[in-house]
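The values are calculated or read from the model by the stated rules, or taken from the named source; none is laboratory data. Since this is a predicted model, take the numbers as computed values, not measurements. Quick reminder, even Gly has a Cβ in these numbers, built from the backbone with ideal geometry, and neighbours come from all protein chains shown. Ligands, DNA and RNA are stripped out before the accessible areas are found, and what is left, the full protein with its side chains, is counted by its heavy atoms. Shrake-Rupley method; radii C 1.70, N 1.55, O 1.52, S 1.80 Å.
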Amino acid sequence: MGRFDGYGVLVTGAGQGIGEAAARRFAGEGGSVLVTDIVPERADRVAEAIITSGGTAEPYACDVADQAAVDGAVAFAVERFGSLDVLVNNAYSCAADPERFEEFEDTAWYRDFEVTVHGTMRCSRAALPHLAAADGRGAIVNVGSVNSEAYHGCTAYSAAKAALVGFTRTLAVQAAPRGVRVNLVQPGTTHTAGWDQRGQSHVLAHLARHYPLGRVGTPEDMAAAITFLASRDASWITGVTLPVDGGLLVSNLGMNQAFDEDAVG
Ligand SMILES: NC(=O)c1ccc[n+]([C@@H]2O[C@H](COP(=O)([O-])OP(=O)(O)OC[C@H]3O[C@@H](n4cnc5c(N)ncnc54)[C@H](O)[C@@H]3O)[C@@H](O)[C@H]2O)c1
């Protein structure tokens, strides 16, 4: 018996990385998963892989910045699976910082908010009536970032991820009487396809030194936390922000290394 037997699950940005790992984990534990992504081929590949391994999934092309696509995805999930019990808001956008903040382009700034903040709002709003009808098992898991808690660059992205913390807390209280829980997972550096596609994966070994647990995260680390918060195991947890970061946020290893180097000479 799987934790998500009989559940309908919708994951945004599920065509690779953390979203893919979450989709696979939900399906592996009995859930029926709508694998949504802005890139249709990515959603197709992940849904196919889930089906091949004996799970239940459907691919669905959906840009979370597009209201009609979001409404379509939610309606499709309910029609196909009979219910929508879990929503994972994982899709994001991250604009590179210009050299000086005053050079930040409106379009880049707004896109980060459009996808990360408004996309999460849009999907949550469309899903909420269905989650509230899910006999107390309705849950939203938002995917934030350690960037909302400490400096790691990416101004618009960090501000957008911080907005998700406030959104999570507020909606958690407002949706609680309707039997819907809302929580947020806050990943630290996680080796996903995104890092490879940006040509940045070579920095991960260096970043690992700043993590008390000695490595960067895996998509599966994040999927474990996402599915925990979505499951009945977390039935008395709502409104929380859960760092899944190998101890990054409670440490200051860079400063301590500098101190040790200076102290030793
Ligand atoms: N990987 C990390 O180091 C890291 C660290 C902290 C937080 N996170 C967060 O984890 C989440 C997933 O990150 P990842 O590294 O797996 O990302 P990724 O870049 O590997 O994959 C993201 C997926 O989202 C899809 N996508 C992009 N824009 C979309 C849109 N508008 N609508 C729908 N889908 C869209 C992409 O096509 C892609 O398949 C994000 O919310 C990210 O901010 C990641």
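Taking packing as the residue-averaged number of other Cβ atoms within 10 angstrom, the listed peptides 96-104, 186-194, 223-231, 8-16 run from highest to lowest as 8-16, 223-231, 186-194, 96-104. Across the range 240-246, coupling constants 3J(HN,Hα) worked out from phi with the 6.51/-1.76/1.60 Karplus curve, θ = phi - 60°, read 8, 10, 10, x, 10, 9, x Hz, and Gly and Pro carry x. Over the residues of the chain, the helix contribution to mean residue ellipticity at 222 nm works out to -13500 deg cm²/dmol, using -39500 (n - 2.57) for each DSSP H run of at least 4.
Each residue of the range 85-96 was assigned a 3J(HN,Hα) from its phi angle through the Karplus curve 6.51 cos²θ - 1.76 cosθ + 1.60 (θ = phi - 60°); the sequence is 9, 9, 10, 10, 8, 10, 5, 8, 9, 9, 7, 5 Hz, with glycine and proline shown as x.
Mean silhouette area of the range 75-228, derived from the convex hull of its C-alpha atoms and averaged over all directions, reads 10.6 nm². Which of rounded, prolate, oblate describes the range 123-189, given a ≥ b ≥ c as roots of the alpha-carbon gyration tensor eigenvalues and a/c under 1.5 marking rounded, otherwise prolate only if a/b is larger than b/c? Note, shape of the range 123-189 comes out prolate.
Computed over every Cα-Cα pair of the range 61-146 and binned at 10 Å starting from 0, the pair-distance distribution P(r) comes out as 17, 42, 25, 11, 4, 0 percent. At the listed q of 0.09 Å⁻¹, the Debye profile of the range 8-264, built from one uniform point per Cα, gives log10 I(q)/I(0) equal to -0.39.
Probe radius 1.4 Å, ligands and nucleic acids ignored: give me the carbon and sulfur share of the accessible area of the range 33-175 as a rounded percent. C and S fraction of accessible area: 53 percent. Average accessible surface for the chain: 47 Å² per residue, computed with a 1.4 Å probe over protein heavy atoms with every protein chain in place. Treating the range 30-106 as a set of equal point scatterers at the Cα positions, no solvent, please give the Debye-formula log₁₀ I(q)/I(0) at q = 0.13, 0.19, 0.28 Å⁻¹. The calculated log intensity ratios at q = 0.13, 0.19, 0.28 Å⁻¹ are -0.48, -0.81, -1.39.
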